[in-house]
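To keep things clear, I will list the structure first and then write my remarks on it.
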Amino acid sequence: MAEDAAQDRLQDRWNAVDRFVGELLVPEDDTLTGALAASEAAGLPAINVAPNQGKLLHLLARIQGARTALEIGTLGGYSTIWLARALPADGRLISLEYDPAHADVARANLARAGCDKVAEVRTGAALDLLPRLAAEPGAGPFDLVFIDADKANNARYVEWALRLTHPGSVIVVDNVVRGGGVTDPSSEDPAIVGTREMYRLVSEEPRLDATVVQTVGVKGWDGLLVARVVS
Ligand code: SAH
Ligand code: DHB
Ligand code: MG
């Protein structure tokens, strides 16, 4: 179809810009490239954030002065490494991952990256792990939360993020545009429904001040929500 060909040409140009930006500003070191290679070799899906998005997470954590971070959805630990490297040596990152095979790959990648002192991967469904984490003395509050797991639960994850943060914390949610699908109120896709519920929750939550930036690039057309915990 002509439309598909047009979309392919557009995607090629988005990829070219990501390559251009990446070469200048986001040189991928062997550790990060190796983490992706190990993830691919283990058969993990390539749904990690793009390098320039990983760098954005890293910079947000740095700008925020984050010492602690919580991630929901580890996969092979690619975004985890970007975040862990933004934290001080005595900082702490907890990343929650449902799939034990993903968690194993991530732990090995974090160890190879030298991030295993800072970053810990916990295995289980995030909605089971989060209440336990909240009950743990000294586990929170976290300075930054990155939400990137099953999109159907996005609203629940933001609620937990609110419980586990403090005024000034940053909350980032990945994949909040989904090729524009998020504007469809009649969608029955659980990821769209869950993400739309998350938007509503954030919009009605006085403790959060937020924006969404649409992104194009190697990950196609998507977007990131960035929120500041106000109070
Ligand atoms: N943040 C990663 C990508 C995460 S992909 C990166 O950018 O590198 C989403 C991950 O969330 C997958 O590994 C998936 O297994 C995990 N996941 C799905 N449902 C989950 C749940 N209920 N609890 C915790 N993790 C979940
Ligand atoms: C999917 C999940 C992600 O976190 C992502 O960045 C892209 C795709 C997915 O489940 O398809
Ligand atoms: Mg994602």
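The values are calculated or read from the model by the stated rules, or taken from the named source; none is laboratory data. Since the model is a prediction, treat every value here as computed from it, not as a measurement. Note: ideal-geometry Cβ built from the backbone for every residue, glycine included; neighbour counts use all protein chains shown. In case anyone asks, the SASA skips ligands and DNA or RNA and just uses the protein heavy atoms, side chains included. Shrake-Rupley method; radii C 1.70, N 1.55, O 1.52, S 1.80 Å.
With respect to R122, determine if the residue is touching an Asp or Glu at 6+ places or on another chain (Cβ under 8 Å), open to solvent by 20 Å² or more (accessible area, probe 1.4 Å) and closer than 23 Å to V49 by Cα.
For R122, the condition - touching an Asp or Glu at 6+ places or on another chain (Cβ under 8 Å), open to solvent by 20 Å² or more (accessible area, probe 1.4 Å) and closer than 23 Å to V49 by Cα - is met.
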### Message
Between P45, P88, P100, which is under 25 Å from W221 (Cα atoms) and out of contact with any helix residue (DSSP H, G or I) (no Cβ under 6 Å at 6 or more places or on another chain)?
### Response
P45
### Message
One residue is enough: does region 82-94 have a residue meeting the conditions touching a residue at least 24 places away in the same chain (Cβ under 8 Å), over 24 Å from W14 (Cβ atoms), within 16 Å of ligand 3 (Cβ to nearest atom) and not basic (K, R)?
### Response
yes
### Query
If you scan region 11-52, which residues turn out to be over 24 Å from T80 (Cα atoms), touching a residue at least 60 places away in the same chain (Cβ under 8 Å) and of a type outside the set (F, W, Y)?
Q11, V17
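Taking into account only those residues within region 164-205 that are of a type in the set (V, I, T) and part of a helix (DSSP H, G or I), which is most open to solvent (accessible area, probe 1.4 Å)?
Top of the filtered list is T183.
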### Query
Has region 169-186 got at least one residue that is touching a residue at least 40 places away in the same chain (Cβ under 8 Å), farther than 19 Å from Q214 by Cβ and not hydrophobic (A, V, I, L, M, F, W, C)?
yes
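Could you please find all residues in region 112-149 being in a helix (DSSP H, G or I) and of a type in the set (K, R)?
Scanning region 112-149 gives R112, R132.
For residues that are under 23 Å from A155 (Cα atoms) and either hydroxyl-bearing (S, T, Y) or more than 12 Å from ligand 3 (Cβ to nearest atom) (or both), tally how many sit in region 67-76.
Qualifying residue count for the region: 4.
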### Task
Take L127 and decide whether it is in contact (Cβ under 8 Å) with a residue 12 or more places away in the chain, farther than 20 Å from L44 by Cα and open to solvent by 20 Å² or more (accessible area, probe 1.4 Å).
yes
### Query
Quick check: is even one residue across region 77-93 at pLDDT 95 or above and assigned to a strand (DSSP E or B)?
yes
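Listed residues L96, L83, L56, L60; which is within 16 Å of ligand 2 (Cβ to nearest atom), under 21 Å from V226 (Cβ atoms) and surrounded by fewer than 23 Cβ atoms within 10 Å (Cβ to Cβ)?
None of the others qualify; the one that does is L56.
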### Summary
Checked against (1) touching a residue at least 12 places away in the same chain (Cβ under 8 Å); (2) loosely packed, with under 14 Cβ neighbours inside 10 Å, A66 satisfies every condition except (2)
### Query
Being touching a residue at least 60 places away in the same chain (Cβ under 8 Å), more than 12 Å from ligand 2 (Cβ to nearest atom) and out of contact with any Lys or Arg (no Cβ under 7 Å at 6 or more places or on another chain), is that true of even one residue in region 143-156?
yes
